[in-house]
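Asker: One structure is given below, represented as structure tokens, and several questions about it will come after.
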Amino acid sequence: MPKSNLVRDHTKEKARLFSSNIDKYMEFRNKGNVELARYIGIASDTLYRKRRNPSTFKLSEIIQIVEYLDFSPADRAEIF
């Protein structure tokens, strides 16, 4: 068994994947940080901080982001 599988941090990988998906869908849907923050119900400064450290998002915020940006079923499956 390769040691690399034992050492990988799956939480960081999922957080990085979620962050990149947010970037991708915000650009694709032509949405800005202020709009997304307003929809979630948090301050735009808080959204900036959470996007830098995606593991700090609450589950309810993740669900709202996925719904607002209309993630594809494949991207939804990777997150949840």
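The values are calculated or read from the model by the stated rules, or taken from the named source; none is laboratory data. No experiment lies behind these values; they were computed from the predicted model shown. Cβ sites come from the backbone with ideal geometry, for glycine too, and all protein chains shown count toward neighbours. The area values use the complete protein model at the heavy-atom level, side chains included, leaving out ligands, DNA and RNA. Shrake-Rupley method; radii C 1.70, N 1.55, O 1.52, S 1.80 Å.
Asker: Measure off, as a whole percent, the carbon and sulfur share of the 1.4 Å-probe accessible area of the chain, all protein chains present.
Answerer: Numbers: 2950 of 5540 Å².
Carbon and sulfur: 53 percent of the exposed surface of the chain.
Asker: Just one of (1) 17, 15, 13; (2) 21, 15, 9; (3) 25, 14, 10 is semi-axes √(5λ) of the Cα gyration tensor in Å as worked out from the coordinates here. Which one is it?
Answerer: Correct label is (3).
Asker: With axes computed from alpha carbons, what is the tilt in degrees of helix 10-29 against the longest principal axis of the chain, rounded to the nearest 10 within 0 to 90?
Answerer: 30
Asker: I'd like the orientation of helix 59-69 relative to the chain: the angle between its Cα long axis and the longest Cα principal axis, in ° from 0 to 90, rounded to 10.
Answerer: Once rounded, one gets 60 degrees.
Asker: On to the next question. Normalised by the residues of the chain, what does the relative contact order come to in percent, with Cα pairs under 8 Å and at least six apart?
Answerer: Across the chain, relative contact order equals 39 percent.
Asker: If I model a spin label as a point 7 Å beyond the Cα along the Cα-Cβ vector, how far apart are those points for Ser44 and Thr56 in nm?
Answerer: That separation, rounded to one decimal, is 1.8 nm.
Asker: When all protein chains stay in place, what accessible area (Å², nearest 10, 1.4 Å probe) is found for Thr11?
Answerer: Thr11 has an accessible surface of roughly 90 Å² with all protein chains in place.
Asker: Before I look further, what does the chain give for accessible area per residue, probe 1.4 Å, in whole square angstrom?
Answerer: Working: 5540 Å² over 80 residues.
Spelled out: the 1.4 Å probe surface of the chain, per residue, equals 69 Å².
Asker: If you count only protein heavy atoms and use a 1.4 Å probe, how large is the accessible surface of Leu59, to the nearest 10 Å²?
Answerer: Leu59 exposes around 110 Å² with every protein chain in place.
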